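Taking it in order: structure first as structure tokens, then the write-up.
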């Protein structure tokens, strides 16, 4: 199925240090049942992302073109006074879902999330806000089976240097995110179609 999401996406030539950090983690992730978000090619952001919010009331197929345009207009209105900002991601941490980069400092990221939620609430109501992803983070890879996260955390801690990288946040992306079963692992794998890029212009 597909679900509409609002993501922050890293970019080649802007967030190169971040992409290098993610790719440095890839070999350790492949030693565990984790599908890395970054592909083998260095500098390719793959599906690295920060989930700002998801539209959780219905599948994306049930949201028509006019409703999507209403959401895009609401996002542009809410984010017109939000200024671009810089933050950092890292260190890499294994958890129950796979592996993530923490986002810190997160004050501006939390403000951004609240403005995006306001846009979704204004166009689709409170029922569209059902996602709780915890503190801001960048998804580094998703697990498709059980494993010892202590072993992965030890490897990441002992082999990854530097452990943090800057991230420039100057836009969010409205995406139709699709989840399919990966034939090689049996876990789910995400792809997406871009619907709109909304700049932060405050």
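Figures for the structure shown
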quantity	calculated
Subset of segment 132-143 (residues that are surrounded by 15 or more Cβ atoms within 10 Å (Cβ to Cβ) and more than 15 Å from residue 92 (Cα to Cα))	133
Among the candidates 57, 102, 66, 35, residue that is part of a strand (DSSP E or B) and either farther than 18 Å from residue 166 by Cα or in contact with a helix residue (DSSP H, G or I) (Cβ under 9 Å, 6 or more places away or on another chain) (or both)	35
Residue 116, sole failed condition from (1) more than 17 Å from the chain's Cα centre (by Cα); (2) closer than 16 Å to residue 200 by Cα; (3) surrounded by 13 or more Cβ atoms within 10 Å (Cβ to Cβ)	(1)
Residue that is in contact (Cβ under 8 Å) with a residue 60 or more places away in the chain and surrounded by fewer than 19 Cβ atoms within 10 Å (Cβ to Cβ), where the choices are 67, 31	31
Whichever residue in segment 93-105 is under 14 Å from the mean Cα position of the chain (by Cα) and either modelled with pLDDT of 95 or more or crowded, with 16+ Cβ neighbours inside 10 Å (or both) and, among such residues, is farthest from residue 138 (Cα to Cα)	98
Test: residue in segment 14-26 that is more than 19 Å from the chain's Cα centre (by Cα) and either outside any loop (DSSP other than H, G, I, E, B) or under 24 Å from residue 154 (Cα atoms) (or both)	no
Segment 144-202, subset part of a helix (DSSP H, G or I) and crowded, with 16+ Cβ neighbours inside 10 Å, residue modelled with the lowest pLDDT	149
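Every residue, every condition in (1) closer than 17 Å to residue 84 by Cβ; (2) in contact with a helix residue (DSSP H, G or I) (Cβ under 8 Å, 6 or more places away or on another chain); (3) in contact (Cβ under 8 Å) with a residue 12 or more places away in the chain, yes or no:
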| position | (1), (2), (3) |
| --- | --- |
| 117 | no, no, yes |
| 120 | no, yes, yes |
| 133 | no, no, yes |
| 154 | no, no, no |
| 189 | no, no, yes |
| 200 | yes, yes, yes |
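The values are calculated or read from the model by the stated rules, or taken from the named source; none is laboratory data. Computed from a predicted model, the values in this text were never measured in an experiment. Quick reminder, even Gly has a Cβ in these numbers, built from the backbone with ideal geometry, and neighbours come from all protein chains shown.
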